[in-house]
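Structure first, commentary second.
Please treat every number below as a calculation from the coordinates, not as lab data. Treat the numbers as computed from the prediction; the structure is a model and nothing was measured. With ideal geometry, Cβ positions are generated from the backbone for all residues, glycine too; neighbour counts draw on all protein chains shown.
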């Protein structure tokens with residue numbers, strides 16, 4: 001199995017016990033990678049939305065990183081160009097709300113030849129448009145993006 005690049009939601013779903021948790025747990029047992037940018041987004045959501053303090057977050061996330069369940073990938077210099085191209089090409093405020101963090105996920109996956117695990121329809125649509133492989137996760141309501 002090739003590596004799977006995790007969207008921020010995937011890590012949030014795993015740690016916040018959301019519907020995608022079992023599937024993300026399976027991905028964590030195999031080969032997965034996460035951009036530093038998407039890790040930061042996950043930590044932000046877990047802290048700001050789920051109210052998990054920094055010490056508790058370190059206790060939850062630290063073992064995943066120490067055990068290499070998630071390989072953290074720093075953006076490469078060329079990723080900035082890919083991110084800008086993706087955002088310019090696909091972002092639309094009303095129809096495809098693709099964030100810069102989403103574009104870093106896609107740039108990382110493209111550079112590493114990895115699949116993309118997400119529940120986000122805008123990311124899933126861009127994965128298809130960029131001919132990447134999608135791992136469609138269920139969102140909080142159990143709905144998966146079209147793949």
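How about the stretch 5-19: which of its residues are under 12 Å from residue 50 (Cα atoms), in contact (Cβ under 8 Å) with a residue 12 or more places away in the chain and in a loop (DSSP other than H, G, I, E, B)? Break it down stepwise before answering.
Let us first name the residues in the stretch 5-19 that are under 12 Å from residue 50 (Cα atoms), namely 12-13, 15-18.
Among the residues that remain, those that are also in contact (Cβ under 8 Å) with a residue 12 or more places away in the chain are: 12-13, 15-16, 18.
Those that are under 12 Å from residue 50 (Cα atoms), in contact (Cβ under 8 Å) with a residue 12 or more places away in the chain and in a loop (DSSP other than H, G, I, E, B): 16, 18.
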### Query
Of 144, 140, which residue is buried (at least 16 other Cβ atoms within 10 Å of the Cβ) and in a loop (DSSP other than H, G, I, E, B)?
144
#### Entry: Which numbered condition residue 79 misses (of (1) out of contact with any helix residue (DSSP H, G or I) (no Cβ under 6 Å at 6 or more places or on another chain); (2) over 15 Å from residue 15 (Cα atoms))
(1)
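Any idea which of 40, 10, 20 is in contact with a helix residue (DSSP H, G or I) (Cβ under 9 Å, 6 or more places away or on another chain), closer than 22 Å to residue 123 by Cα and surrounded by fewer than 18 Cβ atoms within 10 Å (Cβ to Cβ)? Talk me through it step by step, then tell me what you get.
On the way: 10 fails: surrounded by fewer than 18 Cβ atoms within 10 Å (Cβ to Cβ); 20 fails: surrounded by fewer than 18 Cβ atoms within 10 Å (Cβ to Cβ).
Of 40, 10, 20, the one residue that is in contact with a helix residue (DSSP H, G or I) (Cβ under 9 Å, 6 or more places away or on another chain), closer than 22 Å to residue 123 by Cα and surrounded by fewer than 18 Cβ atoms within 10 Å (Cβ to Cβ) is 40.
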### Summary
Considering residues that are closer than 13 Å to residue 36 by Cα and either out of contact with any strand residue (DSSP E or B) (no Cβ under 7 Å at 6 or more places or on another chain) or exposed (fewer than 13 other Cβ atoms within 10 Å of the Cβ) (or both), the number found within the stretch 72-86 is 3
